[in-house]
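Below is one structure, written out as structure tokens, with a few remarks after it.
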Amino acid sequence: MSTHWRLPRGVDELLPPRAWDLEILRRRVLDVFVAWGFDYVDPPLIEYLDALLVGSGEDLDLQTLKVVDQVSGRQLGVRADMTSQAVRIDAHSIVTDGVQRLCYAGPVVFASPQNPQSSRVPLKAGAEIFGAPSLVADAEVIALMLEVMGIAQIQQPVLLLGHMGIYRNLVTDLIARKILRSEDQQELFSCIQRKGESDILNLLGNSKQAQMMAALPNLMGDVGALDEARKVLANAPAPVHSALDELATLANMITIDKTEVDLRIDVSELSGYGYHNGPVFAVYHPEHGQALAQGGRYDGVGKVFGRARPATGFDLSLKQLLGASSTALPVYFAPYVVEEERADLFVAVTQLRAQGSRVVVALSAEEVPPSNCVGKLENQSGHWQLTT
């Protein structure tokens with residue numbers, strides 16, 4: 001039996017009316033981005049592999065589909081993330097010394113599903129700010145991210161804040177003290193991501209520095225968790241305390257601007273693909289099993305392109321944000337008529353379409369109205385009238 005119609009595992013398609021619902025959501029999200037002063041860019045789906053993997057970790061490398069370019073002989077990648085493309089554009093395509101705001105929306109491709117229910121071909125949208133080193137930029141990105149949640153009718157979102165500087169500086173200290181081997185960093189990162197306290201201690205031993213690292217997964221909750229973090233990490237290097245101070249300042253800025261958000265702190269939040277090095281943030285909701293949006297600061301990632309600029313941003317999967325209700329317009333049906341009557345009919349059809357209605361015109365006398373038809377054009381005493 002032929003199976004040519006089957007799609008690869010994890011690859012999905014949207015059919016009417018959901019495909020149109022997704023397009024409407026994409027337009028609305030981009031409208032918000034543009035209203036906030038972000039410039040829209042449309043990077044290519046494929047690029048040279050080394051450019052796509054700038055500053056990323058092993059996770060993104062494994063998720064990137066790779067092919068050999070028959071023109072240049074170089075290795076190409078099908079993008080699994082669009083942040084590195086925005087970095088390249090800021091560094092070389094639209095060069096400015098000032099603050100630059102870029103936004104985008106387009107498909108990415110994952111080499112394997114992130115979980116059994118997720119698509120390997122999500123439609124991503126995101127926004128990035130370059131050239132702004134202060135927490136004010138991070139606060140703006142978070143505020144924009146939350147506004148998009150409102151556009152998608154996500155009520156009472158949970159905003160999770162963390163800071164990569166806490167983890168990274170603890171790792172640097174562990175390596176300097178020869179408690180952690182450089183080759184074990186990825187294993188430690190995985191232990192923190194799955195919040196495996198015992199796994200961390202098994203890897204690092206039971207020194208005071210190891211115990212601080214093992215305590216990270218438990219340092220979570222409301223803003224008061226920062227006070228507990230300061231106590232537990234009292235003997236940590238000074239940069240760790242600077243990161244905690246930044247996290248507290250950012251949390252206060254979000255609390256002031258977005259009182260309807262359930263703000264949570266997770267000191268061990270390590271979202272992203274390995275290029276974040278400052279505050280990180282993600283939006284969750286009880287009705288969804290994974291982050292609806294996530295992002296953070298990634299200063300200096302553009303160094304490989306020759307411009308190590310401050311940068312912060314976020315992205316989200318538009319398919320994941322699709323609500324249960326449909327925004328598709330109703331369909332009206334125009335019957336098939338002989339040639340001499342078509343001119344008058346098409347005047348009525350054109351007027352309806354100009355008003356934003358969808359009109360299907362029959363191509364033969366045998367064609368019947370579509371199942372989603374809500375009304376028909378009928379000739380009443382020489383005038384075409386819409387009936388329901």
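Before moving on, here are some points about what is shown:
- Charge context of VAL331, other residues only, Cβ under 12 angstrom, K/R +1, D/E -1: +3
- Neighbours of LYS319 by Cβ distance under 12 Å: Lys/Arg scored +1, Asp/Glu scored -1, total 0.
- For ALA328 and ILE151, the difference between the fully extended length at 0.36 nm per residue and the C-alpha to C-alpha distance is 62.1 nm.
- Karplus-derived 3J(HN,Hα), 6.51/-1.76/1.60, for each residue of segment 81-88, Hz, glycine and proline x: 7, 10, 5, 4, 5, 5, 4, 4
- In the chain, helical runs assigned H by DSSP with n ≥ 4 each contribute -39500 (n - 2.57); averaged across all residues and rounded to the nearest 500, the mean residue ellipticity at 222 nm is -10000 deg cm²/dmol.
- Taking Cα centre as origin and charging only the Cβ of basic (Lys, Arg, +1) and acidic (Asp, Glu, -1) residues, the dipole magnitude of the chain rounds to 700 debye.
- Gain on full extension, evaluated as 0.36 nm per residue between GLU340 and SER182 minus their Cα-Cα distance, stands at 48.7 nm.
- Lys/Arg +1, Asp/Glu -1 at C-beta; segment 158-284 dipole; positive extreme among LEU174, VAL240, LEU270: LEU174
- For the chain, the longest principal axis of the C-alpha atoms and the axis of helix 135-151 are separated by about 30°.
- Cleavage-rule hits, trypsin sites (Lys or Arg not before Pro), segment 59-164, DSSP coil, Cβ neighbours within 10 Å at most 15: ARG74
- Per-residue Cβ neighbour rank within 10 angstrom, fewest leading, PHE189, PHE33: PHE189, PHE33
- Under 25 Å of direct C-alpha separation, and excluding same-chain neighbours fewer than eight residues apart, LYS195 reaches these lysines: LYS178, LYS208, LYS231.
- Using Cβ point charges alone (K and R +1, D and E -1), the dipole size of segment 180-235 about the Cα centre works out to roughly 120 debye.
- Label point distance in nm, VAL374-ILE46, each placed 7 Å from Cα along Cα→Cβ: 4.3
- Ranking of THR64, THR255 by count of other Cβ atoms within 10 Å, fewest first: THR255, THR64
- Label-to-label distance for HIS92 and LEU62 is 2.9 nm, based on points extended 7 Å past Cα in the beta-carbon direction.
- Residues HIS276, HIS288 in ascending order of nearby Cβ atoms (within 10 Å, fewest first): HIS288, HIS276.
- For segment 158-284, the Cβ-based charge dipole about the Cα centre amounts to some 420 debye (Lys, Arg positive; Asp, Glu negative; other atoms uncharged).
- Extreme residue, positive dipole direction of segment 331-387, given options ALA362, VAL331, LEU386 (C-beta unit charges): VAL331
- Cα extents for the chain along the principal axes, largest to smallest and rounded to whole angstrom: 91, 53, 50.
- The Stokes-Einstein estimate for segment 158-284, based on a Kirkwood radius over Cα pairs and taken at 4 °C with 1.567 mPa s viscosity, is a diffusion coefficient of 88 µm²/s.
- Other residues within the sphere of radius under 14 Å centred on the Cβ of TRP20, judged by their own Cβ, net out at +3 (K and R +1, D and E -1).
- Bridge type composition, segment 158-284 - antiparallel percent by DSSP, nearest 5: 65
- Taking every Cα-Cα distance in segment 10-167 and sorting them into 5 Å bins from zero, the calculated P(r) comes out as 2, 8, 14, 17, 21, 19, 13, 5, 2, 0, 0 percent.
Laboratory data are not the source of any read-out in this text; all were calculated from the coordinates shown. Just so you know, these numbers come straight off a predicted model, no measurement behind them. Heads up, the Cβs are rebuilt from the backbone with ideal geometry, glycines too, and the neighbour counts pull from every protein chain shown.
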